[in-house]
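The values are calculated or read from the model by the stated rules, or taken from the named source; none is laboratory data. Fair warning: this is a prediction, and the values are worked out from it, not measured in the lab. Positions of Cβ are generated from backbone atoms using ideal geometry, with glycine treated the same way; all protein chains shown enter the neighbour counts.
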Amino acid sequence: MRQDNPKHKGLRNQLVKTVKSKGIKDKNVLDAISKIPRHLFMDSGFIDFAYQDKAFPIAADQTISQPYTVAFQTELLQIEPKDKVLEIGTGSGYQTAVLVDLKAEVYSIERQKELFEKTKKFLPKVGYVAKKLKYGDGYKGWPEFAPFDKIIVTAGAPFVPKPLLSQLKIGGRLVIPVGDDVQVMTLFIRNSEKEFEKHEFGDFRFVPMLKESAK
Ligand code: SAH
């Protein structure tokens, strides 16, 4: 296992400053970024990139999201300890680790088998244990464990999948980037069985949420 050392910690403190300067205020989110060894979530040899505020390629043509984006989505979720959170797009597991650090019970789905296998082995090694990880299609959500307090989608969704809205608790929050080439960060708050409040927060760019059921 590769290591975390004071040099990495120093680089993380710089990253926290950058993310803060871009408008992130949630102290718990900033704390998580200052603790989680992001370089270990990327292939070795990329240490110089790990603490820049940028997305970066991981396996299977996917990316580890930009730290600012991770922070922005997490801040919108308003995580409370013990929240049951569904994440679509486990990827490297970095966002998962942020949610676990905030004491959420995380259920995460990944559509790429290779990434699913890799991250499933990796997360416990760094001490960030999700409640459940699954290889499957995020468009369907995870009905067996619904309803969720919070749902986060970490890939660009061409539309808002109905199952995700229906698997949200009343009072729950869904954060999802919606769009094709560019995505609008969108927050849905479920006010009642049938009523959802919608807020939009500017443009982001994600890898696309893949269609079709998992092969
Ligand atoms: N949170 C991750 C983001 C990875 S990028 C991180 O920071 O590392 C988006 C991820 O969503 C990719 O791993 C991709 O394979 C996954 N994905 C794409 N379509 C999906 C789908 N329909 N269901 C579940 N995961 C999906």
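Summary table below
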{"item": "Output for the stretch 135-146, where each listed residue is near the ligand (Cβ under 9 Å from one of its atoms) and under 15 Å from the mean Cα position of the chain (by Cα)", "result": "138"}
{"item": "Test: residue in the stretch 138-150 that is modelled with pLDDT of 95 or more, crowded, with 17+ Cβ neighbours inside 10 Å and touching a helix residue (DSSP H, G or I) at 6+ places or on another chain (Cβ under 6 Å)", "result": "yes"}
{"item": "Qualifying residues in the stretch 91-103 (those that are without any contact (Cβ under 8 Å) to a residue 60 or more places away in the chain and farther than 16 Å from residue 80 by Cβ) - the one nearest to the chain's Cα centre (by Cα)", "result": "95"}
{"item": "Residues that are within 9 Å of the ligand (Cβ to nearest atom), in contact (Cβ under 8 Å) with a residue 40 or more places away in the chain and of a type in the set (A, V, I, L, M, F, W, C), drawn from the stretch 104-129", "result": "115"}
{"item": "Hey, residue 82 within 16 Å of the ligand (Cβ to nearest atom), exposed (fewer than 15 other Cβ atoms within 10 Å of the Cβ) and either modelled with pLDDT under 95 or within 27 Å of residue 146 (Cα to Cα) (or both) or not", "result": "no"}
{"item": "Where a residue in the stretch 38-67 is in a helix (DSSP H, G or I) and its partner, wherever it lies, is of a type in the set (S, T, N, Q), with Cβ under 9 Å and at least six apart", "result": "38/92; 40/3; 41/92; 41/119; 67/18; 67/52"}
{"item": "Test: residue in the stretch 154-165 that is more than 16 Å from the ligand (Cβ to nearest atom), charged (D, E, K, R) and not in a loop (DSSP other than H, G, I, E, B)", "result": "no"}
{"item": "Set 194, 215, 169, 198: member being in a loop (DSSP other than H, G, I, E, B), modelled with pLDDT of 95 or more and either over 16 Å from the mean Cα position of the chain (by Cα) or farther than 18 Å from residue 96 by Cβ (or both)", "result": "194"}
